[in-house]
1. Given a cut-off of under 8 Å on Cα pairs at least six residues apart, what relative contact order in percent is computed for the chain?
2. Would you list the membrane-span-like helices of the chain, meaning whole DSSP H runs whose alpha-carbon atoms span at least 20 Å along their axis and whose mean Kyte-Doolittle value is at least -0.5?
3. Counting only residues 5 or more places away or on other chains, whose amide H sits under 5 Å from the amide H of residue 255 once H atoms are built in the peptide plane?
4. With r as the distance between the Cβ atoms of residue 114 and residue 2 and R0 = 25 Å, compute the FRET efficiency 1/(1 + (r/R0)^6) and round to 0.05.
5. Which of 103, 89, 186 moves most in a GNM of the chain, Cα contacts under 10 Å?
6. Probe radius 1.4 Å, ligands and nucleic acids ignored: give me the carbon and sulfur share of the accessible area of the chain as a rounded percent.
7. Quick one: among 223, 76, 196, which has the greatest mean-square fluctuation in a GNM of the chain with alpha-carbon springs under 10 angstrom?
8. For labels at residue 141 and residue 26 in the simple 7 Å Cα→Cβ model, what's the distance in nm?
Amino acid sequence: MDFSAIIVAAGSGQRAGQGPAKQWRRLAGRPVLRWSAQAMLEAGAAPLVVVVQEADRQQAQAALAGLEGWVLAPGGATRTASVRAGLVALGSGTAPVLIHDAARPFLTKNHIDALLAALADAEGAVPLLPVADTLKRQGDALTTVSRDGLGRAQTPQAFRRPALLAAYAALPGDDAATDDAAVVEANGGRVVATPGDPMLMKLTYPEDFTMAEALAASLAASGRTTRTGQGFDAHRWGPGEAVWLCGVRIDHGQSLIGHSDADAGLHALTDALLGAIGEGDIGDHFPPSDPQWRGAPSSVFLQKAAALVAARGARICNVDVTLICEQPKIKPHRQAMRERIAELLDVAVDQVSVKATTTEGMGFTGRGEGLAAQAMATVESPS
Ligand code: MG
């Protein structure tokens, strides 16, 4: 069934503790928002409107890179205002609308199909999770409240579009509804329940992330595969006063000669990443015949390769570079190189290794004719 969807990701998530707002935190290496958006898109949402604060626009674009069929809309001061903005951004159409909170990352097509089916005889449908715990009301002393008929409303929630638009049109502008079903109910719409699911948990408190990370790791591991790529490069020594190696400038009595900055370490690493995802080699993406790459910093090449990895929904596990030369001495610069590569790839320093070796005077590196580099990269990607 055709449907459109709105994901609300404009909250500041004050209860989730220190650090970035919860939609930007990572679960198994992917931003929380990406989990929700990918599930919606894979289930067929068209279009998918993602409502974010204007200041978070770039972060959202990075989180959703490589997914297709989404648009961003600027969020408001309240959830209600953000949903209103999302409804405007949906444009025209008659298909049902799903509204979802970004902080519930584990929705599936099964949840969505059940909700859409329930709209056959209702204006709205909501996943409802039975209350398992005994409910108490706090006063001077506790009293027990019957839990008969009570349930916890989750998202996504599905609505027939005319009923949803009419309900929001009738809602006073500053009314702060906690979910969209309440808005439709208040306007006389019939809302029914579909089976709720503990997997639709909402990430609210810091401890929720601990549990979600364990779930995400097991979900991410299923249907994903580990790939390895390797790269090799060599450049000739020539006159100069410094050399670029692994993104670090080292004062040296010679320079490496090449079309770009001749950073053989980053070139080998770029090829390793491209190799891991089967995307050709550095020459395919940055032809030496193209004048725009003359003297280019090789960080550009590496970051392009990293962007291609991310666009496939893949994640860099680790990279390992070996520099082969007699001079300069690499060890004093090794940590700076690791830090620079980690920065360029947006990974932790402990995911980056830089090593060096000589060839004991043998061969072209041993004779000081040139410097060579080898690299390996391991990524985890959708299979
Ligand atoms: Mg090269």
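1. 15
2. Span-like helices here: 206-221.
3. Amide H neighbours of residue 255, under 5 Å, 5+ apart: 238, 240.
4. In this case the efficiency is close to 0.95.
5. Ranking 103, 89, 186 by mean-square fluctuation puts 186 first.
6. 52
7. Checking each option, the largest mean-square fluctuation is seen for 223.
8. Reported label-point gap for residue 141 and residue 26 is 5.4 nm.
The values are calculated or read from the model by the stated rules, or taken from the named source; none is laboratory data. Just so you know, these numbers come straight off a predicted model, no measurement behind them. So basically every Cβ, Gly included, is an ideal-geometry build from the backbone, and we count neighbours across all protein chains shown. These accessible areas exclude ligands, DNA and RNA; they are computed on the full protein's heavy atoms, side chains included. Shrake-Rupley method; radii C 1.70, N 1.55, O 1.52, S 1.80 Å.
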